[in-house]
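What follows is a set of notes on a single structure, which appears directly below.
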Amino acid sequence: MAVKVRVPAELSARVPAEQRGPGSGRDAVRLLVSRGAEVSHHAFRELPRLLRAGDLLVVNTSPTLAAAVDGRIGYARVVVHFSTRGDDGRWAVELREPDGRGTTRAHTGMRAGVRAGTDVRLPGGARLVLQEPLSESGERLWWARVSGADVLRVLREHGRPIRYSYTERDQPLSVYQTVFALPSPDGSGSAEMPSAARPFTAELVAELVSRGVQFAPVTLHTGVSSAEAHEPPCPERFAVPEASARLINAGGAGGGRVIAVGTTAVRAVESAAGPDGVVRAAEGWTDLVVTPERGVRVVDGLLTGLHEPEASHLLMLEAVAGRAAVDRAYQEALGGRYLWHEFGDVHLVLPEKDPHR
C-alpha cells in the first residue's frame, strides 16, 4: 500500500463541519489539492475557482439509509448493519455489538457459534435468519432473509445511520444525506454515506454551474465497510444512465476534465467503460477494484476524503495520480493537521500532466 503512516486519533473528524462553530456550514472543510508532487492548501469553498469551464463532475446520487437496527439473538443484544439488498430479496448483513460509542466491535459470536440458521429478532415483529456467508473468505457479511416485516420499513421506523467510535455521537439521517441524493425507485440506498460529496451545498453547486462546470449523475449503492476490515468492496449495485454516459464522453472529447466525486463514482463510471474508454449506459452489479495495474479509462481526477493507510481505496488514488503523488499528499495532510473520515476534509487528486492540454 502506498501510504506508510499512522493517523493520530485526534485527526478524526468527530462531528460534522456545520456543528464545529457558529456560522459554519457543510462546506467549511479544508481542501488539499495535489498535482503530481505539487500540493496546495485551500478551503473547500474555493473549489469553483480551482476548476474550469468544461470540467465535468461525476456525482453519486445514492441516498443514505438508516442501516443500523437493534436486535437480539436470544437474550444477547446485537446491532444489525444492513449492507446490500440482493436481487432475490435477501440482504447482505453484518452483526455488530453495541458499545455506546457506535457499533464498532465485530460480534464476538462470529467465532463462538453464529452460523447459518442463526435467528435475530428485530423491532416490529420482524425476524432475520442468517443463510450463508457472502464470500468464502470470511463470515463478517452474511446473506440473510427477513420475515414478518418489510426491511425498508424497519429501517425507516427503527434504524439509524451507521457510525463508528471516532465520531462523538449519533446524528440524524439528514446529516448523512448529500445534496445530490435522490430517492431510489425501489427504496434502495447506501449503507454508508457517499461522503466525498458531503461538503457540497446548493449554493456551491449553483456557483460551479454558473462557471461552466457540468454534473453527470450516476448511482452506486455503497455497502458496509467495517472500520477494522479494510478489505476490497463486495459487489455493489450501480447505474450509469444514457444521458450521463453522453456527458462523460463529450466532456473528455471536448477537452474538459472528468473528475469523479468519490471513489463510488469512479467505480460506477469505470464499470460502464469499455476497453476503448467509451462509457455506455449500464446497470447491474460491479465488483471492480481500481488498481494501478488496471488503471483508469475515463476519470482524469478524483475528489475524495482522506483514507486510512490500510484502505483499498488508496490503490484507486495511485491509479489516478501515481504512488509518489499520493505519498506526498498524505504527508502534507498529516503535517497540515487535516481531518480524516466522513465528516473530515477532502482531497482533490489531479494528474501531474493535464491530459486535455
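The values are calculated or read from the model by the stated rules, or taken from the named source; none is laboratory data. It should be emphasised that the depicted structure is a prediction, and the values quoted were computed from it without experimental measurement. Please note: Cβ atoms are built from the backbone with ideal geometry, for glycine as well, and neighbour counts cover all protein chains shown. Protein only, heavy atoms only, side chains kept; ligands, DNA and RNA dropped before computing areas. Shrake-Rupley method; radii C 1.70, N 1.55, O 1.52, S 1.80 Å.
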If you go through Ser83, Ser62, the only one that is of a type in the set (Ser, Thr, Tyr), outside any strand (DSSP E or B) and at pLDDT 90 or above is Ser62
How many residues of the stretch 299-332 are modelled with pLDDT of 90 or more and part of a loop (DSSP other than H, G, I, E, B)? The answer is 3
From Arg140, Arg145, grab the single residue that is in a strand (DSSP E or B), modelled with pLDDT of 95 or more and not aliphatic (A, V, I, L, M).
-> Arg145
Only one of these conditions is not met by Gly124: (1) farther than 16 Å from Thr84 by Cα; (2) open to solvent by less than 40 Å² (accessible area, probe 1.4 Å). Which number is it?
-> (2)
So which residues in the stretch 28-56 are crowded, with 20+ Cβ neighbours inside 10 Å and either outside any strand (DSSP E or B) or on the phi > 0 side of the Ramachandran plot (or both), if there are any at all?
-> Val29, Phe44, Leu47, Leu51, Asp55
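If you take the residues in the stretch 280-304 that are touching an Asp or Glu at 6+ places or on another chain (Cβ under 9 Å) and in contact (Cβ under 8 Å) with a residue 60 or more places away in the chain, which one is nearest to Val33 (Cα to Cα)?
Checking each candidate, the answer is Val299.
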Selection within the stretch 148-168 - touching a Gly at 6+ places or on another chain (Cβ under 7 Å) and assigned to a loop (DSSP other than H, G, I, E, B) = Gly148, Ala149, Arg163, Tyr164, Ser165, Thr167
